[in-house]
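The values are calculated or read from the model by the stated rules, or taken from the named source; none is laboratory data. Since the structure is predicted, the reported quantities are computational estimates derived from the model, not experimental observations. Cβ: placed from backbone, ideal geometry, glycine included. Neighbour counts: every protein chain shown. Note: accessible area is taken over every heavy atom of the protein model, side chains too, but ligands, DNA and RNA are not part of it. Shrake-Rupley method; radii C 1.70, N 1.55, O 1.52, S 1.80 Å.
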Amino acid sequence: MNQKPFVNFHTHSYYSILGGLMSPKAMLEQAIEKGCPAVALTDTAVGHGLVEIVEQAKKLGDIIPILGA
């Protein structure tokens with residue numbers, strides 16, 4: 001049975017105080033491992049992870065960063 005790709009559009013990194021535990025790089029690595037085509041980053045009240053997730057996605061290559069707020 002073929003599964004459709006999944007992307008969670010409500011994801012917080014450790015930049016969201018009390019909201020997330022993973023670094024943007026770790027989020028990307030986990031998503032690639034699980035076969036997700038993209039990762040959305042929607043940290044609360046900060047934008048520090050947005051630059052990091054774009055830079056790391058470029059280095060890793062096989063994943064699309066989706067930026068949100």
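When you go through 32, 53, 64 one by one, which is the residue that is touching a residue at least 40 places away in the same chain (Cβ under 8 Å) and of a type in the set (Val, Ile, Thr)?
Among 32, 53, 64, only 53 is touching a residue at least 40 places away in the same chain (Cβ under 8 Å) and of a type in the set (Val, Ile, Thr).
Among the residues of region 12-28, what is the count of those that are modelled with pLDDT of 90 or more, open to solvent by 30 Å² or more (accessible area, probe 1.4 Å) and assigned to a loop (DSSP other than H, G, I, E, B)?
Qualifying residue count for the region: 5.
Output the number of residues of region 58-69 satisfying the condition of being surrounded by 14 or more Cβ atoms within 10 Å (Cβ to Cβ), among the hydrophobic types (A, V, I, L, M, F, W, C) and part of a strand (DSSP E or B).
Of the residues in that region, 2 qualify.
Consider region 16-43. How many of its residues are under 14 Å from residue 68 (Cα atoms) and touching a Leu at 6+ places or on another chain (Cβ under 9 Å)?
Total satisfying the criteria: 6.
Please tell me if residue 55 is under 11 Å from the mean Cα position of the chain (by Cα), among the acidic types (Asp, Glu), in a helix (DSSP H, G or I) and surrounded by fewer than 19 Cβ atoms within 10 Å (Cβ to Cβ).
So residue 55 fails the test.
Quick test of your reading of the structure: residue 7 fulfils all but one of (1) assigned to a loop (DSSP other than H, G, I, E, B); (2) out of contact with any strand residue (DSSP E or B) (no Cβ under 6 Å at 6 or more places or on another chain); (3) of a type outside the set (D, E, K, R). Name the failing condition by number.
Looking at each condition in turn, residue 7 falls short on (2).
In region 29-49, which residue that is in a loop (DSSP other than H, G, I, E, B) and among the aliphatic types (A, V, I, L, M) is surrounded by the most Cβ atoms within 10 Å (Cβ to Cβ)?
Selected residue: 46.
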